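Have a look at the structure below, then the notes.
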Amino acid sequence: MEPADRKGGAGGRAEAVEGREPTRLDRRTFLRTAGTALVTSSLAGLAGCSGGRETQPTLSIGYKPKFAALQYLVMSETGTLSELDAAVEPTNFAGTDASIVSAFADGDLDVGFFGVTQTLKMIEKGVPATGVAANHKNGFVLVGEPTFADQFESEGADAFRQRSEERGEPVQFTTGPAGGMGNLVTTYWLFEELGLSRDVIDIQTMAGIKAIRRSLLSGNAAGTALDEPTLTRLATEDAAVEYLAEPESFLPELPGGIMVVRDELLAERPALARDVTRAHVQATELINDQPAEAAAAASAAIGDSLSTATARQAIDSAASTYVSDPREIEAGTGVFADYMRSEGLLDSDVGFATAFDLEVYDAVSN
């Protein structure tokens, strides 16, 4: 499988999203004007005192060392976070039983790096969370084992029906947990874009990229959705995997990881919220303008499993379009919010306007 070259950004935002009025604007305006009078226990470190003397506030950040949070890895490794007017307390949730989403929802984190879909579900449940920056877009690619990829290239959607009839069973696709970004990208492409009947597809959810990869390489699965750096690793290993579709072909502005802050941070320390967002913007600029330095940071943060050379190839991939402006994923977030409602994953009209505060990004990017 040849790694794809980076492609240009997607077109303008979907008309259906333009003009949408934020439904949480009044609440956020209140938080900004009355924030100094608010006292919350979840961010006690932001106003910590000792013996009557004010101490430096803390800023707890949760992340997983992956390309969906590449800006955090760059900020951490380049020392940008040390320039904040706060003592940063990072927590790496990789390889642990603890959930970064649960920790954020419980108030144990001030800042979290996770997906749009998780954020929408948290907000619907009443968690005081606000997206202040996007991390990347169009980050997943649909891939398949070579025999099926060839069949799909020649037959299109009919390849699924033919394979199902030949084998007397549904065509298996593997994904991450139900409701996660990889899972939703896969099912959206299969059922919405290709219009396949659900009786010809068997979606097997698995925990972790290693299990998904094994299923695909063993031939048990016909395909899946993968992101970087897994795509580049497979390419450098000359693995038996071929591209089926890239998101720009069916859903430009596909959202992925984002940076989310607790609303208390916006209320009590708006300057700190802006500063960490500004650091995010600077990290995005470094990724796009100095990819070699960003690759070195990613390799150092992830460890021996990712060489600097592989990280650099992954950054140059078509599946690595790094952004900070939330508007870059506005249309895709709207589409996925609607899709999540149709799948029973959301009940309310939560969407882009309720998930993001554009004023924070605009304040530091202009």
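Among the residues of region 266-297, which ones are in contact with a Ser or Thr (Cβ under 8 Å, 6 or more places away or on another chain), in contact (Cβ under 8 Å) with a residue 24 or more places away in the chain and within 24 Å of Thr230 (Cβ to Cβ)?
His280, Ala283, Thr284, Leu286, Glu293, Ala296, Ala297
Kindly indicate the residue of region 249-258 that is of a type outside the set (Phe, Trp, Tyr) and surrounded by fewer than 22 Cβ atoms within 10 Å (Cβ to Cβ) and also farthest from the chain's Cα centre (by Cα) among those meeting that condition. Lay out the reasoning, then the answer.
Narrowing region 249-258 to residues of a type outside the set (Phe, Trp, Tyr): 249, 251-258.
Keeping just the survivors that are surrounded by fewer than 22 Cβ atoms within 10 Å (Cβ to Cβ) gives 249, 252.
Numbers: Ser249: 19, Pro252: 15 Å.
The qualifying residue farthest from the chain's Cα centre (by Cα) is Ser249.
Kindly indicate which of Glu153, Glu169 is out of contact with any helix residue (DSSP H, G or I) (no Cβ under 7 Å at 6 or more places or on another chain) and either assigned to a strand (DSSP E or B) or in contact (Cβ under 8 Å) with a residue 12 or more places away in the chain (or both).
Glu169
Quick one: Val261 ticks every box in (1) assigned to a helix (DSSP H, G or I); (2) under 19 Å from the mean Cα position of the chain (by Cα); (3) closer than 25 Å to Leu120 by Cβ except a single one, so which number is it?
Of everything listed in (1) assigned to a helix (DSSP H, G or I); (2) under 19 Å from the mean Cα position of the chain (by Cα); (3) closer than 25 Å to Leu120 by Cβ, Val261 misses just condition (1).
Could you run through region 153-180 and say how many residues are in contact with a strand residue (DSSP E or B) (Cβ under 9 Å, 6 or more places away or on another chain), of a type in the set (Asp, Glu) and more than 16 Å from Leu142 (Cα to Cα)?
1
For every residue, the table says whether it meets (1) open to solvent by less than 10 Å² (accessible area, probe 1.4 Å); (2) over 21 Å from Glu124 (Cα atoms); (3) among the small types (Gly, Ala, Ser); (4) part of a strand (DSSP E or B).
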| position | (1), (2), (3), (4) |
| --- | --- |
| Gly334 | yes, no, yes, no |
| Asp338 | no, no, no, no |
| Arg341 | no, no, no, no |
| Leu346 | yes, no, no, no |
| Val350 | yes, no, no, no |
| Thr354 | no, no, no, no |
| Asp362 | no, yes, no, no |
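Would you call Glu155 at pLDDT 95 or above, more than 21 Å from the chain's Cα centre (by Cα) and over 21 Å from Val360 (Cα atoms)?
Criteria met by Glu155.
I'd like to verify a number: residues in region 174-222 that are on the phi > 0 side of the Ramachandran plot and more than 19 Å from the chain's Cα centre (by Cα), how many?
So in region 174-222, the residues on the phi > 0 side of the Ramachandran plot come out as 179, 195, 208, 219.
If we keep only those that are more than 19 Å from the chain's Cα centre (by Cα) too, we end up with 195, 219.
Summing the residues that are on the phi > 0 side of the Ramachandran plot and more than 19 Å from the chain's Cα centre (by Cα) in region 174-222 gives 2.
Would you confirm whether or not region 8-30 contains a residue that is at pLDDT 50 or above, part of a loop (DSSP other than H, G, I, E, B) and of a type in the set (A, V, I, L, M, F, W, C)?
no
Taking region 80-104 as the search range and keeping residues that are touching a residue at least 60 places away in the same chain (Cβ under 8 Å) and not in a helix (DSSP H, G or I), which one is most open to solvent (accessible area, probe 1.4 Å)?
My answer is Asp85.
Of everything in region 175-191, what is within 18 Å of Ala68 (Cβ to Cβ), open to solvent by less than 20 Å² (accessible area, probe 1.4 Å) and in a helix (DSSP H, G or I)? Give them in sequence order.
Across region 175-191, the qualifying residues are Gly182, Asn183, Leu184, Val185, Thr186.
A quick yes/no check of all residues on (1) modelled with pLDDT of 95 or more; (2) open to solvent by 10 Å² or more (accessible area, probe 1.4 Å); (3) of a type in the set (Gly, Ala, Ser); (4) more than 30 Å from Arg278 (Cα to Cα):
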residue: Glu166; (1), (2), (3), (4): no, yes, no, yes
residue: Phe173; (1), (2), (3), (4): yes, no, no, yes
residue: Glu193; (1), (2), (3), (4): yes, yes, no, yes
residue: Leu217; (1), (2), (3), (4): no, yes, no, yes
residue: Ala222; (1), (2), (3), (4): yes, no, yes, yes
residue: Leu231; (1), (2), (3), (4): no, no, no, no
residue: Asp238; (1), (2), (3), (4): no, yes, no, yes
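Does Thr119 count as among the β-branched types (Val, Ile, Thr), assigned to a helix (DSSP H, G or I), at pLDDT 95 or above and buried (at least 22 other Cβ atoms within 10 Å of the Cβ)?
Yes: the conditions hold for Thr119.
Just checking, how many residues over region 310-329 are assigned to a helix (DSSP H, G or I) and either open to solvent by 20 Å² or more (accessible area, probe 1.4 Å) or at pLDDT below 95 (or both)?
Residues flagged as assigned to a helix (DSSP H, G or I) and either open to solvent by 20 Å² or more (accessible area, probe 1.4 Å) or at pLDDT below 95 (or both) within region 310-329 amount to 5.
How many of the residues in region 94-128 are touching a Gly at 6+ places or on another chain (Cβ under 8 Å) and aliphatic (A, V, I, L, M)?
Selection size over region 94-128: 7.
Only one of Glu124, Glu77 is closer than 23 Å to Ala314 by Cβ, of a type in the set (Asp, Glu) and either open to solvent by less than 10 Å² (accessible area, probe 1.4 Å) or in contact (Cβ under 8 Å) with a residue 12 or more places away in the chain (or both); which?
Checking each option against the conditions leaves just Glu77.
The values are calculated or read from the model by the stated rules, or taken from the named source; none is laboratory data. Note that this is a predicted model, so its numbers are computed, not measured. Please note: Cβ atoms are built from the backbone with ideal geometry, for glycine as well, and neighbour counts cover all protein chains shown. Keep in mind that these areas ignore ligands, DNA and RNA; they rest on the heavy atoms of the full protein, side chains included. Shrake-Rupley method; radii C 1.70, N 1.55, O 1.52, S 1.80 Å.
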